[in-house]
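Enquirer: Would you mind keeping the following structure in view while I ask a few things?
The values are calculated or read from the model by the stated rules, or taken from the named source; none is laboratory data. It should be emphasised that the depicted structure is a prediction, and the values quoted were computed from it without experimental measurement. Neighbour counts are summed over all protein chains in view; Cβ atoms, including those assigned to glycine, are modelled from backbone coordinates with ideal geometry.
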Amino acid sequence: MEASKLNYYKEILEDRKKQIFKNIHNVSDELAQLSECELNDEGDHVATITHSVVDNILARRQVQELKEINRALNKIASKKYGTCEMCGVDIGSQRLGVKPHALYCIDCREIAEKTEDI
């Protein structure tokens with residue numbers, strides 16, 4: 001991949017990384033605020049627990065995305081970016097445009113997702 005494209009994807013990945021850190025920090029703040037709230041009835045407890053569970057799920061997904069972004073940035077540094085980790089073929093620019101931290105080409109992504117479900 002040419003240097004200008006690598007720099008383009010690197011900037012996108014770095015920007016997304018900053019946004020994820022900001023999101024995780026905000027979720028942590030929200031969870032801390034929820035723990036300090038005075039809960040008056042069962043409805044308040046249920047709402048607080050539900051909000052907490054949703055925030056935790058979102059935070060876990062963002063942590064996973066952050067790991068993938070870091071892997072992609074490492075691949076950029078080692079000049080291996082844009083190559084499928086499963087089959088070794090180039091990941092299409094259309095896919096990288098949608099998900100710049102993609103680890104797999106479309107075909108291998110489907111295989112990886114089916115394997116995770118097992």
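Enquirer: Any residue in segment 6-14 that is modelled with pLDDT of 80 or more and among the acidic types (Asp, Glu)?
Expert: Yes - at least one qualifying residue is present in segment 6-14.
Enquirer: Taking Glu113 as the residue in question, decide whether it is among the charged types (D, E, K, R), loosely packed, with under 11 Cβ neighbours inside 10 Å and in a helix (DSSP H, G or I).
Expert: Taking the combined requirement at face value, the residue satisfies it.
Enquirer: Further, regarding this structure: Given the condition modelled with pLDDT of 90 or more and touching a strand residue (DSSP E or B) at 6+ places or on another chain (Cβ under 7 Å), answer yes or no: does some residue in segment 60-83 qualify?
Expert: Checked segment 60-83: at least one residue is modelled with pLDDT of 90 or more and touching a strand residue (DSSP E or B) at 6+ places or on another chain (Cβ under 7 Å).
Enquirer: What pairs come up if the first residue lies in segment 106-118 and is closer than 20 Å to Gly82 by Cβ, the second is surrounded by 10 or more Cβ atoms within 10 Å (Cβ to Cβ) and modelled with pLDDT of 85 or more, and their beta carbons are under 6 Å apart, counting only those six or more places apart or on different chains?
Expert: Cys108/Cys84; Cys108/Met86; Cys108/Cys87; Ala112/Tyr104
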